[in-house]
Amino acid sequence: MPSAHKEMLRFGLPLAVLLSLLIFIIPPFLPSGWFLVKLVLALTGLLVAALLGFVCYFFRDPERAVPADPAIIVSAADGLVVGVDEMEEPDFHLGPMIRVAVFLSVFDVHINRSPVEGVVRSSIYKAGKFLDVRHPESSTRNECRSWWIDTAGGPVAVRQIAGLIARRIVAWAGEDSALQRGQRFGMIRFGSRTEVFLPLACTVLVKPGDRVQGAATPIARWPETR
């Protein structure tokens, strides 16, 4: 399965090559009197080095300890809980469900992880706009990819929503993929929103304003009778 490290190489390798040219390869061949040119190259190199450092930071992929209790549903993303409400699931027409929405800034880990154990029944991509994901209409108007995960307790849906800066939703799993709780299935690059849709019988354990970590933070609990 593809990984965040491969995504990092896609962006970081060109920057590393450019940095080498600016700092180590070009300057030795310039005449000694070209001080101003060397200064511009050095300053540009510092900027490229900063961008390279940010790319490495953004694509970090820490290991997480998944709660041992099998009744726990974990967060699908790192970030800030911006909404907990009940609404009709919009992509697979699964009926009224509990939606837990998480906003990811550019400083959060952007790996998406399965909140439950189950099998991907369907995954669909929808083109759309790139509104700021804090905008109330971003959930319905922005580019997104949705996942229907079949579980022993009923269907669960996850939506990856691209934002103002994020312009690329990356999928690492596919239909019929078996996912464990906390397993990586994709990511969204450079700022985004992730929504989890749960059966109404689940008990929500988070509220707006809470910070969560993907795979590690409990966001809900299955009913005891599942």
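Where strands (runs of 3 or more DSSP E) fall entirely within the stretch 140-226, those with at least 3 residues that are at pLDDT 95 or above are at 144-151, 154-162, 192-198, 218-221.
So, Leu179, is that one in the same structural domain as Ser123 (by TED's automatic domain parsing), among the hydrophobic types (A, V, I, L, M, F, W, C) and surrounded by fewer than 18 Cβ atoms within 10 Å (Cβ to Cβ) or not?
Working: in the same structural domain as Ser123 (by TED's automatic domain parsing): yes; among the hydrophobic types (A, V, I, L, M, F, W, C): yes; surrounded by fewer than 18 Cβ atoms within 10 Å (Cβ to Cβ): no.
For Leu179, the condition - in the same structural domain as Ser123 (by TED's automatic domain parsing), among the hydrophobic types (A, V, I, L, M, F, W, C) and surrounded by fewer than 18 Cβ atoms within 10 Å (Cβ to Cβ) - is not met.
For beta carbons closer than 8 Å, sequence separation of 6+ or different chains, a first residue in the stretch 17-39 that is among the charged types (D, E, K, R) and a second that is assigned to a helix (DSSP H, G or I) and modelled with pLDDT of 90 or more, the qualifying pairs are Lys38/Pro27.
On inspection, Leu80 passes the criterion of being touching a strand residue (DSSP E or B) at 6+ places or on another chain (Cβ under 6 Å) and farther than 19 Å from Val116 by Cα. Tell me yes or no: at least one residue of the stretch 68-79 is in contact with a helix residue (DSSP H, G or I) (Cβ under 6 Å, 6 or more places away or on another chain) and among the hydrophobic types (A, V, I, L, M, F, W, C). No, the conditions are met nowhere in the stretch 68-79. For beta carbons closer than 9 Å, sequence separation of 6+ or different chains, a first residue in the stretch 89-111 that is more than 30 Å from Asp61 (Cα to Cα) and a second that is part of a loop (DSSP other than H, G, I, E, B) and hydroxyl-bearing (Ser, Thr, Tyr), there are no qualifying pairs. Please work out if Ala68 is more than 20 Å from the chain's Cα centre (by Cα) and in contact (Cβ under 8 Å) with a residue 12 or more places away in the chain. For Ala68, the condition - more than 20 Å from the chain's Cα centre (by Cα) and in contact (Cβ under 8 Å) with a residue 12 or more places away in the chain - is not met. Val133 satisfies every condition listed in (1) at pLDDT below 95; (2) farther than 18 Å from Asp78 by Cβ except (2).
For the stretch 31-53, which positions are within 20 Å of the chain's Cα centre (by Cα) and buried (at least 16 other Cβ atoms within 10 Å of the Cβ)?
Leu52
Show me the strands (runs of 3 or more DSSP E) entirely contained within the stretch 1-114 in which 1 or more residues are among the aromatic types (Phe, Trp, Tyr) and either closer than 30 Å to Ala127 by Cβ or not assigned by TED's automatic domain parsing to the domain that holds Glu175 (or both).
Working: elements: 72-74, 79-88, 96-104, 111-113.
The strands (runs of 3 or more DSSP E) meeting that bar are 96-104.
The values are calculated or read from the model by the stated rules, or taken from the named source; none is laboratory data. Because the structure is a prediction, the values reported are computed rather than measured. All Cβ positions, glycine included, derive from the backbone under ideal geometry; neighbour counts span all protein chains shown.
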